Amino acid sequence: MVKVSRKSFRTRIFFYFFVIFVLFTLAILSFQYQREKKYRSSRLENTLDYTAQLTERFIERNQLISSGNLSRIHEIREILPGESTRITVIGLDGVVLFDSSVEDVELMENHLDRPEVQKALLEKTGSNIRKSETTNQEYYYYARQYPGHFVRIAVVYDIEIRNFLKAGQFFIVFIVGAFAIIGLILYLVTGQLSLAVTRLKDFSVRAAKDEVIESEVHFPDNELGIIGSQIVRIFHNLKNAKDKLALEQEKLLNHLNVLNEGIVFFNKNKQKTLVNRHFIQYLYFISKESALNPEDIFRMEEFKRLNEFLLANPAGSSVIKPDALPWLEYVIPSGDRFFKVQCIIFQDFSFEVILTDITRLEKRRLMKQQLTSNIAHELKTPLASIKGYLETMINHWPVPPDKQRYFIEKAYLQSERLTSLINDVSLLNNIEDAGELFRFKTVMLKEIVDDVHGNFADRMNLHSINFRSYVSDEIEVKGNESLLFSIFQNLVENSINYGGNGITIEIRVYHSDELYYYISYVDTGNGIPEEHLSRIFERFYRVDHGRTRESGGTGLGLAIVKNAVQLHKGEISVRNRPEGGVEFLFSLSRK
Ligand code: ADP
């Protein structure tokens, strides 16, 4: 970039001004000079004409030609002002009859071809300026025709510039004065102008370098200054707007990064404009290779549908209305995870792609789907039984009273099953979906265990089951009484139902730390076949269907236990004891 300093700007203006002024002055001078020359020439010509007539009158009066006494003409020459006046008398045939500067006129060549003589021959008078071959000086020749001869007067031609300048001294002074005054005015005006230009230049250089520019740049009070101030003001407005936009973008990006969704924005040329961390992470996971650029989605198989969608809506293909933006949504399964892909095309054909990890939701949805069909299936069996007993009675009515009682008792039992099934399902749902509704308080674990023992005392006696609790009074957990009760109730019920007769149940707190009590629940019964161990906490999972039905179990008992333990921030596991029976190990939060 050419550095324009204030000085050079001013110098340049001066230079232009000077050149124009000089040209202008020269033009005026030359015009004046021409006029002056013309004026002086005509004055000179008048004088010469006057001299010619004077000479002619002198010749005529003294009859000089007929007397051949032309040399008397010297008398006139002597009384004429200036010594350079040369008088020549030439015959109409061009023969020089007399010349004041030449003694031997006979030796002079014929003068008929002299331009002034030629002109005089045609128009009576004629003039010409040329160098004299005799004196080597420039002469102004003037010839006039008279009857029988020409009189030619010549003077040294000295209308020189020097003389002219001398004559035009005043004019020159005037011109120089005007130059000085205009120059001074120009100096002052350019001072103001160049100040504005310099400020503008400084400003533009600093703006280009992205340097900090103070909000007030002072400009002189003239048009250029006003333009300068406006430019700086507009620049600051734009810069403020740009800064604000950058801040908003940063906020947006921060916000996007906090979101659990992966988001990327593309312009209509499929170039990324904004992307958050999650998008890169999800893309990396989906691609299984090293797809780290958001632009990679345009070539990935998983995003085929997205690309087809974009192809169907190419930039500029139609007018997009703000309330009907083209929109696509589908799910990509990837390994054991699921991602929802959403794409929205905006009015300017830029678009955003959103990736949402819906693994949990999707799994939950699949589970709920399965659960619903399981529940329906589980409900069908007792309902079908109840219907069957009632139909039998209706179809065989009158039924003997003892049979009646039998069927009604059977139907009642099934309705009990239905009730407990529905209770278990709703309890599980509550734990899962509305865990926060269970009120937690400090609970003495021993009281819970004792309550459960009390509840099942009769049944345990019936099966000769030995119940031993080693839970001491000081064990306190932070929990919900009814859920804690459910945990032990389900475990004990299972031991009774599946453990067999004559077994022993033992409950103890085998370890504790600052946060948890670690509890062991043991029964010495049949145990659970190894292959089923990993799945018994699943809903409706049963080891032996026949036996479970008999026992009235819903298949939800251990699922309730696991969920209740987890709601108490604990974990649960199960193992078969080497000496027979099963052991459940779980933790419960103290705080
Ligand atoms: P249910 O409500 O049908 O009892 P659970 O989820 O409580 O279902 O138990 C799942 C399965 O685990 C039962 O069907 C049973 O076969 C087995 N089971 C649970 N506890 C014991 C145990 N203490 N001894 C032997 N088998 C058990």
Could you check the range 455-510 and list, in sequence order, the residues that are among the aliphatic types (A, V, I, L, M), under 60 Å from the mean Cα position of the chain (by Cα) and assigned to a helix (DSSP H, G or I)?
Leu483, Leu484, Ile487
Being assigned to a loop (DSSP other than H, G, I, E, B), surrounded by 14 or more Cβ atoms within 10 Å (Cβ to Cβ) and modelled with pLDDT of 85 or more is true for just one of Leu112, Leu121, Leu97. Which residue is that?
Leu112
Could you please tell me which pairs satisfy a Cβ distance under 8 Å, a separation of 6+ or placement on different chains, a first residue in the range 338-358 that is more than 18 Å from Ala324 (Cα to Cα), and a second residue that is assigned to a loop (DSSP other than H, G, I, E, B) and not hydroxyl-bearing (Ser, Thr, Tyr)?
Phe338/Ile358; Phe339/Ile358; Lys340/Ile358; Thr356/Asn260; Asp357/Asn260
Does the range 530-537 contain at least one residue that is over 27 Å from Ala376 (Cα atoms) and either within 8 Å of the ligand (Cβ to nearest atom) or in contact with a helix residue (DSSP H, G or I) (Cβ under 6 Å, 6 or more places away or on another chain) (or both)?
no
Among (1) more than 8 Å from the ligand (Cβ to nearest atom); (2) modelled with pLDDT under 95; (3) open to solvent by 50 Å² or more (accessible area, probe 1.4 Å), which single condition is Gly546 missing?
(3)
Hey, Val425 modelled with pLDDT under 90 and among the β-branched types (Val, Ile, Thr) or not
yes
List every residue pair whose Cβ atoms sit under 6 Å apart, with the two residues 6 or more apart in sequence or on different chains, where the first one lies in the range 214-226 and is free of Cβ contacts under 8 Å to residues at least 24 places away in the same chain and the second, anywhere, is open to solvent by 100 Å² or more (accessible area, probe 1.4 Å) and of a type in the set (S, T, N, Q).
none
Can you list the strands (runs of 3 or more DSSP E) lying wholly within the range 247-339 that have 3 or more residues being open to solvent by less than 50 Å² (accessible area, probe 1.4 Å)?
261-266, 327-334
Restricting to the range 180-239, and then to whatever is part of a helix (DSSP H, G or I) and in contact with a Gly (Cβ under 7 Å, 6 or more places away or on another chain), can you tell me which residue is least open to solvent (accessible area, probe 1.4 Å)?
Ala196
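From Asn260, Asn307, Asn267, Asn276, which residue is closer than 30 Å to Arg365 by Cβ and in contact (Cβ under 8 Å) with a residue 24 or more places away in the chain?
Numbers: Asn307 fails: in contact (Cβ under 8 Å) with a residue 24 or more places away in the chain; Asn267 fails: closer than 30 Å to Arg365 by Cβ; Asn276 fails: in contact (Cβ under 8 Å) with a residue 24 or more places away in the chain.
After ruling out the rest, the residue left standing is Asn260.
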If you go through the range 491-543 one residue at a time, how many are in contact (Cβ under 8 Å) with a residue 40 or more places away in the chain, out of contact with any strand residue (DSSP E or B) (no Cβ under 6 Å at 6 or more places or on another chain) and within 24 Å of Arg459 (Cβ to Cβ)?
10
Can you name the residue in the range 513-537 that is assigned to a strand (DSSP E or B) and either open to solvent by 20 Å² or more (accessible area, probe 1.4 Å) or aromatic (Phe, Trp, Tyr) (or both) and is also nearest to Asp424 (Cα to Cα) among such residues?
Tyr521
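The values are calculated or read from the model by the stated rules, or taken from the named source; none is laboratory data. Computed from a predicted model, the values in this text were never measured in an experiment. Glycine gets a Cβ as well: all are built from the backbone with ideal geometry, and neighbour counts include every protein chain shown. Heavy atoms of the whole protein, side chains included, go into the accessibility calculation; ligands, DNA and RNA do not. Shrake-Rupley method; radii C 1.70, N 1.55, O 1.52, S 1.80 Å.
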